[in-house]
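Below you'll find the structure, written out as structure tokens, and then a few comments.
The values are calculated or read from the model by the stated rules, or taken from the named source; none is laboratory data. Just so we're clear, the structure is a prediction, and the values are computed from it rather than from any experiment. Here the Cβ is made from the backbone with ideal geometry for all residues, glycine too, and neighbour counts use every protein chain on show. Surface accessibility is based on the protein's heavy atoms, side chains included, excluding ligands, DNA and RNA. Shrake-Rupley method; radii C 1.70, N 1.55, O 1.52, S 1.80 Å.
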Amino acid sequence: MPIPKRLNSPFAAARAPLADKIDWARERLIVALDVPNAAASSELVKKLEGACRWFKVGLELFTAAGPAAVEPLVAAGHSVFLDLKFHDIPNTVAGAVRSAASWGVKMVNVHAAGGPAMLAAAKSALDGVRNPPQLLAVTVLTSLDAVALKATGVNRSPARQVTVLGRMCLKAGVRGFVCSPEEVAALRRLTGPDGILVVPGIRPAGSETNDQKRSATPSEALRNGASFLVVGRPITQAPKPAQAAEMVLEEMARAL
Ligand code: C5P
């Protein structure tokens, strides 16, 4: 298991000095590298290297650059979340998860909506892999509100749908999730302290929500039980990304 359990007990660090808490927050902040190519990624990473340890490679960058987007990050000792949200038949997803694991990333994800057999196949694909990445299931995209969810044929509220999918994932042996800040407390209740909850849709107080419909501040998300926070544009599009990251880290540290 690549992710230390202590990351899930925020209050263990509550009495530590602020500098230690910030360092501890660094292990829980994942910066989304949503940029169009490998050159833009390395330019951004260079700016953030001192401040951030985790980077997320998503669909935009991976589709443009492939594994070349991941390799330099892993080689430099960064932790990588490969956010490709696999959603296909079980055999195909198992193969994709196996390939992703071979690049040394620390997190990979699949859509929970792929169903129990797909989840089980993704999980089995990591059996026997040395230092396997944490498998995460995406519940309901943070950009979907109740109206948009209904348009896809799901008549439940996002909160209810997350719980239904969460139960299904746990039954299939998947204990890691990507979820919105609004559902993190409910998922934490479902998973208990061992669940790994990765939460995008984070907006520091006063910043733009962009297309995120269900967002929260770093402190709210942590207090509700998030293990990791994913932040993209509020850091990557800031005039000084490292400074913006340090502000998020400080807000996280103060929430402990
Ligand atoms: O720029 P922003 O902070 O909104 O970026 C959020 C990141 O988290 C994006 O890379 C997006 O793909 C990802 N994400 C999300 N909702 C999910 C899963 C991942 O916003 N449910």
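For the reader, a short list of remarks on this structure follows.
- Figure note: W24, W103 ranked by solvent-accessible area, largest first, 1.4 Å probe, ligands and nucleic acids not counted: W103, W24.
- A Förster radius of 25 Å, combined with the Cβ-Cβ distance separating A151 from E208, puts the computed FRET efficiency at roughly 0.55.
- Which of S143, S180 is most accessible, then next, and so on - probe 1.4 Å: S143, S180
- Between A64 and A19, full extension at 0.36 nm per residue minus the direct alpha carbon distance yields a gain of 12.5 nm.
- For the range 98-131 versus the range 16-58, the gap between their alpha-carbon centres in whole angstrom: 24
- What the range 16-249 shows is 43 Å² of accessible area per residue, with the surface traced by a 1.4 Å probe over protein heavy atoms.
- Cut-off 20 Å, label 7 Å out along Cα→Cβ of N37, residues of the range 224-256 by amide N: 237
- The listed residues R189, R15, R156 rank as R15, R189, R156 when sorted by accessible area, largest first, using a 1.4 Å probe.
- Surface composition of the range 16-249: carbon plus sulfur atoms hold 53% of the accessible area, using a 1.4 angstrom probe and ignoring ligands, DNA and RNA.
- By the helix-only formula, in which each DSSP H run with n ≥ 4 contributes -39500 (n - 2.57) and the sum is divided by residues, the chain has a 222 nm mean residue ellipticity of -12000 deg cm²/dmol.
- Diffusion coefficient of the chain by Stokes-Einstein, Kirkwood radius over Cα pairs, 20 °C, 1.002 mPa s: 117 µm²/s.
- For the chain, lysine pairs with C-alpha atoms less than 23 angstrom apart, excluding pairs fewer than eight positions apart on the same chain, total 29.
- Given a 1.4 Å probe and the protein chains as shown, M247 ends up with an accessible area of around 130 Å².
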